[in-house]
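Presented below is the structure to which this report refers.
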Amino acid sequence: MENETKTIRFIEREMTSAELDQMKAGFVSHSMEHGNPPKPSERHTFVMMDGGDFIGCASGLTTDSLNWFYLTDLFIEKAYRRQGLGAAMLRKLEERVVLLGIQNIWTQTAGYEAPVFYQKQGYEILFELEAWYPSGHSLIGLRKRLGQR
């Protein structure tokens, strides 16, 4: 097979399950070569209820890094906003993250949604992707240092 000539082709299509598994295994192998074994993420969630009614949540994932937590969701029903509940919910999740031994949390939000809210909670802007949304609003990434070990 050494003398066999292969023709490289570029094909626009979805990957097969086997190809997807091969790609994932390749990423894991590459990460391991650099001393970064994969760590399964864990979801941590707080739900807010008013009686029996769901009114909000905060949720996120541990990451491969031992020092970062990704806040994926912070939601408060519209009728309950601007009452300090979002800040309280966020604090609950941050307290849980600190107990996990994680020092940093990050999230992303639409420019029209909550960057000012997060800044009031001690977050700083990491990045801004201008005109990310069809409305022309940016996607904003924010981070907060949670404490010292």
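The values are calculated or read from the model by the stated rules, or taken from the named source; none is laboratory data. Every value quoted in this text rests on a predicted model; they were computed, and no experiment measured them. No Cβ is skipped: glycine too gets one built from the backbone with ideal geometry, and neighbour counts run over all protein chains shown. For the accessible areas, the whole protein counts, side chains as well, though only heavy atoms, and no ligand, DNA or RNA atoms are used. Shrake-Rupley method; radii C 1.70, N 1.55, O 1.52, S 1.80 Å.
It is to be established whether one or more residues within region 123-140 are more than 14 Å from the chain's Cα centre (by Cα), exposed (fewer than 12 other Cβ atoms within 10 Å of the Cβ) and closer than 27 Å to ASP50 by Cβ. There is no residue in region 123-140 that is more than 14 Å from the chain's Cα centre (by Cα), exposed (fewer than 12 other Cβ atoms within 10 Å of the Cβ) and closer than 27 Å to ASP50 by Cβ. Residue count for region 11-33 under the criterion of being of a type in the set (Asp, Glu) and either at positive phi or over 26 Å from the mean Cα position of the chain (by Cα) (or both): the result is 1.
Screening SER41 with (1) touching a strand residue (DSSP E or B) at 6+ places or on another chain (Cβ under 6 Å); (2) open to solvent by 60 Å² or more (accessible area, probe 1.4 Å); (3) closer than 30 Å to TYR80 by Cα gives one miss only, at (3). Kindly check whether there is at least one residue in region 61-82 that is under 20 Å from ARG145 (Cα atoms) and of a type in the set (Lys, Arg). No, every residue in region 61-82 fails to be under 20 Å from ARG145 (Cα atoms) and of a type in the set (Lys, Arg). Against the definition (open to solvent by 80 Å² or more (accessible area, probe 1.4 Å), at pLDDT below 95 and not in a loop (DSSP other than H, G, I, E, B)), how does VAL116 come out, yes or no? In short, yes.
If you go through region 89-110 and keep only what is under 23 Å from ILE55 (Cα atoms) and among the small types (Gly, Ala, Ser), you end up with just ALA110. Only one of the listed residues (LEU85, LEU100) is under 25 Å from HIS137 (Cβ atoms) and either surrounded by 16 or more Cβ atoms within 10 Å (Cβ to Cβ) or in contact with a His (Cβ under 8 Å, 6 or more places away or on another chain) (or both). That residue is LEU85. A Cβ distance below 7 Å, combined with a sequence gap of six or more or placement on separate chains, defines the contacts here; from region 54-78, residues that are acidic (Asp, Glu) reach residues that are at pLDDT 95 or above in the pairs ASP73/CYS57; ASP73/ALA58; ASP73/SER59; GLU77/ILE55; GLU77/GLY56.
Remark: ALA25 matches the filter, which requires a residue to be loosely packed, with under 11 Cβ neighbours inside 10 Å and among the hydrophobic types (A, V, I, L, M, F, W, C).
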